[in-house]
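A single structure is presented below for examination.
The values are calculated or read from the model by the stated rules, or taken from the named source; none is laboratory data. Keep in mind that what you see is a predicted model, and the values were worked out from it rather than measured. Backbone-built Cβ (ideal geometry, glycine too); neighbour counts: all protein chains shown.
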Amino acid sequence: MQTPSFNELLDAGVHFGHLKRKWDPHMAPYIFMEKNGIHIIDLEKTIAKLEESAKAIKQIAKSGRKILFVATKKQAKDIVAERIKTINMPYVTERWPGGMLTNFPTIRKAVKKMATIDKMATDGTFENMSKRERLQVTRQRAKLEKNLGSIADMARQPAAIFVVDIMKEDIAVKEAHRLNITVFGMVDTNSDPREVDFPIPANDDAAKSITLIVDYIVAAVQEGLNERKMEKEKEAENKAKKAAEAKAKKEAAEVKAKEEAEAKKKENAEKNANETKDEPKDVKSEGKTDEDKKPKEPAKKVARKRKTPAKEK
């Protein structure tokens, strides 16, 4: 993402402002001089503010939040629509629907209605409708597509909006302020830069000027998206690596536990074998019962009584 050079901004006519009588006094810090009744924008200030805005919008895109681009003026709508489609961000290039941000649930209902009509076309409901009813529904779908088609994927309010002409899109800017949504915008010499959080002093009427600024902002958003994608891939890779390491560690622990169990079993077997080998064997006692093995007590001598001859009567 290379910042446009001074000569590139000069060639694109970014420095041309409005007539002196149409200027806003708050734009004085960004005005270099006045020539032939026209204010000339200080391009050094433009480059500084452009880099600041690109850095901030890149961080928003990197965080995964949506940025809404608003450009309904004739010379900007086609440029914005063509560029923003490449980064898959919501944009409004037709009439700004009042309450699009402050009354977002109602806008979501309209988007759901458009999806319902699409479903009717595929499930055979159109075949049971009359030709007139089908034509009315088709026209309604086309109208919704024109006004809301670019924000069909915006499920919630955007984190920031980028406005090409804050004077023309004043309703969008006011709604964003009410909801504390960050506002980026191209401000010409007839605009009040205080209405924008990140003002970019530039000619917002010339197609070349709009193209140069929008291309740089789109490049910043794309860079933020790419960095987010790389971080996600790196995070997934680290997660897979940690899972593989944990699995390998678990397997190693199981193998070690198995080896220790086998070694302990073998050691116990050897110990039992050695104990059996060291016990003395009594050859005479083999084949005898426990009762036989007991030492016999010496036999007691019984004193015999001597018989005396019977006395003669």
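List pairs: first residue in the stretch 35-46 and in the same structural domain as SER5 (by TED's automatic domain parsing) and surrounded by 15 or more Cβ atoms within 10 Å (Cβ to Cβ), second residue in a strand (DSSP E or B) and among the acidic types (Asp, Glu) anywhere in the structure, Cβ distance under 8 angstrom, at least six positions apart or on different chains.
ILE40/GLU34
Failed condition for ASP215, given (1) surrounded by 21 or more Cβ atoms within 10 Å (Cβ to Cβ); (2) over 28 Å from GLY37 (Cα atoms); (3) touching a residue at least 60 places away in the same chain (Cβ under 8 Å), with all others met?
Just one mismatch for ASP215, condition (1).
Same structure, new question: Could you check how many residues of the stretch 133-187 are part of a helix (DSSP H, G or I), in contact (Cβ under 8 Å) with a residue 40 or more places away in the chain, assigned by TED's automatic domain parsing to the domain that holds ARG65 and within 21 Å of ASP204 (Cβ to Cβ)?
Start the filter on the stretch 133-187 by keeping residues that are part of a helix (DSSP H, G or I), which leaves 133-151, 170-178.
Subsequent filtering for residues that are in contact (Cβ under 8 Å) with a residue 40 or more places away in the chain retains 146-148, 150-151, 171-172, 175-176, 178.
Subset that is assigned by TED's automatic domain parsing to the domain that holds ARG65: 171-172, 175-176, 178.
Next cut, within 21 Å of ASP204 (Cβ to Cβ) only: 171-172, 175-176.
The total comes to 4.
Same structure again: Could you run through the stretch 82-102 and say how many residues are assigned to a helix (DSSP H, G or I) and touching a residue at least 40 places away in the same chain (Cβ under 8 Å)? It would help to see each step written out before you state the result.
The initial filter retains those residues of the stretch 82-102 that are assigned to a helix (DSSP H, G or I), namely 82-87.
After this cut, where a residue has to be touching a residue at least 40 places away in the same chain (Cβ under 8 Å) as well, the list is 83-84, 86-87.
Number of matching residues: 4.
Within the group ALA206, ALA202, which residue is touching a Ser or Thr at 6+ places or on another chain (Cβ under 8 Å), closer than 20 Å to LYS35 by Cβ, of a type outside the set (S, T, N, Q) and at pLDDT below 95?
Exactly one residue qualifies, and that residue is ALA202.
Name every residue in the stretch 60-81 that is in contact with a helix residue (DSSP H, G or I) (Cβ under 7 Å, 6 or more places away or on another chain), within 20 Å of ASP204 (Cα to Cα) and assigned to a helix (DSSP H, G or I), in order of residue number.
Once the filter is applied, which keeps residues that are in contact with a helix residue (DSSP H, G or I) (Cβ under 7 Å, 6 or more places away or on another chain), within 20 Å of ASP204 (Cα to Cα) and assigned to a helix (DSSP H, G or I), the stretch 60-81 yields GLN75, ALA76, ILE79, VAL80.
Which condition from (1) under 30 Å from TRP23 (Cβ atoms); (2) crowded, with 19+ Cβ neighbours inside 10 Å; (3) small (Gly, Ala, Ser) is the one that GLY98 breaks?
Single failed check for GLY98: (2).
Is it the case that the stretch 32-40 has a residue that's of a type in the set (D, E, K, R) and assigned to a strand (DSSP E or B)? Spell out the reasoning first.
The first filter runs over the stretch 32-40 and keeps only residues of a type in the set (D, E, K, R), leaving 34-35.
This time we only want the ones that are assigned to a strand (DSSP E or B), so: 34-35.
Yes, the conditions are met somewhere in the stretch 32-40.
OK, next. Please find, among PRO105, PRO29, the residue that is farther than 23 Å from ASP215 by Cα, under 30 Å from the mean Cα position of the chain (by Cα) and assigned to a helix (DSSP H, G or I).
The conditions single out PRO105.
Something else about it: Residue by residue through the stretch 3-19, note down the ones that are in a loop (DSSP other than H, G, I, E, B) and either touching a residue at least 24 places away in the same chain (Cβ under 8 Å) or outside the structural domain of ALA206 (by TED's automatic domain parsing) (or both).
Of everything in the stretch 3-19, those that are in a loop (DSSP other than H, G, I, E, B) and either touching a residue at least 24 places away in the same chain (Cβ under 8 Å) or outside the structural domain of ALA206 (by TED's automatic domain parsing) (or both) turn out to be THR3, PRO4, ALA12, GLY13, VAL14, HIS15.
Of all residues in the stretch 174-196, which are closer than 22 Å to ASN103 by Cα, of a type outside the set (Phe, Trp, Tyr) and under 27 Å from the mean Cα position of the chain (by Cα)? Walk me through how you get there before you give the answer.
Within the stretch 174-196, the subset closer than 22 Å to ASN103 by Cα is 174-184, 195-196.
From what is left, the residues that are of a type outside the set (Phe, Trp, Tyr) are 174-183, 195-196.
Across the stretch 174-196, the qualifying residues are GLU175, ALA176, HIS177, ARG178, LEU179, ASN180, ILE181, THR182, VAL183.
While we're on this one: Within the stretch 1-26, can you find the residues that are under 33 Å from the mean Cα position of the chain (by Cα) and either over 21 Å from ALA207 (Cβ atoms) or of a type in the set (Ser, Thr, Tyr) (or both)?
If the condition is that a residue be under 33 Å from the mean Cα position of the chain (by Cα) and either over 21 Å from ALA207 (Cβ atoms) or of a type in the set (Ser, Thr, Tyr) (or both), then MET1, GLN2, THR3 are the ones that fit.
If LYS49 meets every condition in (1) crowded, with 16+ Cβ neighbours inside 10 Å; (2) among the basic types (Lys, Arg); (3) in a loop (DSSP other than H, G, I, E, B) apart from one, which number is that one?
(3)
Inspect all residues belonging to the stretch 128-137 and state whether any of them is closer than 30 Å to VAL14 by Cα, touching a helix residue (DSSP H, G or I) at 6+ places or on another chain (Cβ under 7 Å) and either of a type in the set (Ser, Thr, Tyr) or surrounded by fewer than 18 Cβ atoms within 10 Å (Cβ to Cβ) (or both).
no
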